[in-house]
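For reference, the structure is listed below as structure tokens.
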């Protein structure tokens, strides 16, 4: 009888893992048709550089702080499934007021501070509802996902990435078509409505997933102040500090790549899309390989490799201004840079999340994810604020504007953070040795042959 109950339990978890793959694909529509185009939409509504930083960074901080509310809900016994599907449904509903702001601007000629303030408000609510889901979803998935978490999430993220790329390309074509008609706003309405459908589908799929029993235990709770006090002695605390400082460095420039392309490099929407879809495309190819590598050699080893690649990216972006009079050369150059970016961020994003699953017990998963996200959110917000102030400086020398200063500042701070923090963090599980011999062997996983193999793999995970 007990064996039958365990068997049924495992069958439901297996079914939920399959549903979660589809849910990730639905999220890809939300991301590719919606979130990726919020900065171009803000520029269309006349938002200034100094407000772009808060638009992108403020929601991240507010959302992370609101995860403390999620922890309280979990303490009260609210189901993780209900927090997840209701939160994502509220998140996608914010597309309607965001679209309505455009109607006020273009149909009723409303301008001034109301439109930027409204966009910051409703986009913040969208991100807040989504990030509040984080601790509950992470804890939930920690009960569902098999031990080979690198391989599973690598596969899930590959499918999510493929759908995101296709969505971005279609969205770019839609925007370019309507821009050619001199009416870009209807194009944004169409892609944002598709994004709404994608996230609504994601919410419905979350509701269908099985949730194993979860009983929060108060003895595992600790306050954020207790967490902060233990950071100097805690390996996980040092890891959280490193990622938060890296997010601070990244968000000095992250909100402004779209501005740099559309303003300084004078890209149209299709050219903008070709560049921005390169990184998720490379992510899609390499995440499964990074996942397998991390399962064998450790997540921290991947973080170290990628942590020293990431600072190079914004510095290389600055050089694009030398080719600004040769548009296709600029596009080719930036595609190459974004390929490097995809290589680095595929490994970094996957393994920083997987490191938490390795380092944190099931009982403390939700609270540790919440504190991790709070640190990241504060880092993003402060970085975005500083980047916005630099971007607004009256600086220009030939083709170098203040946005070039933003990119260089971000590159320098990224390098200092990785050099200063990575040596302080240690791996949390037993992993295989990795030296020059293993490196030579593993380089083949990034060859052209292996990329084709990744593309031709069946949807099933051969390691499960």
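The values are calculated or read from the model by the stated rules, or taken from the named source; none is laboratory data. All figures in this text were calculated on a predicted structure; none of them were measured in a lab. Neighbour counts are summed over all protein chains in view; Cβ atoms, including those assigned to glycine, are modelled from backbone coordinates with ideal geometry.
Here are the numbers for this structure:
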| quantity | calculated |
| --- | --- |
| Residue within the range 400-421 that is over 26 Å from the mean Cα position of the chain (by Cα) and either modelled with pLDDT of 75 or more or surrounded by 15 or more Cβ atoms within 10 Å (Cβ to Cβ) (or both) present | yes |
| Unmet criterion (only one of (1) without any contact (Cβ under 8 Å) to a residue 40 or more places away in the chain; (2) crowded, with 23+ Cβ neighbours inside 10 Å) for residue 156 | (1) |
| Pairs with Cβ under 6 Å, 6+ apart, first in the range 125-149 and on the phi > 0 side of the Ramachandran plot and in a helix (DSSP H, G or I), second modelled with pLDDT of 85 or more and buried (at least 19 other Cβ atoms within 10 Å of the Cβ) | none |
| Residue match in the range 389-398 (condition: surrounded by 18 or more Cβ atoms within 10 Å (Cβ to Cβ) and farther than 22 Å from residue 39 by Cβ) | no |
| Meets criteria (in contact (Cβ under 8 Å) with a residue 12 or more places away in the chain, crowded, with 17+ Cβ neighbours inside 10 Å, assigned to a helix (DSSP H, G or I) and under 17 Å from the mean Cα position of the chain (by Cα)) for residue 356 | yes |
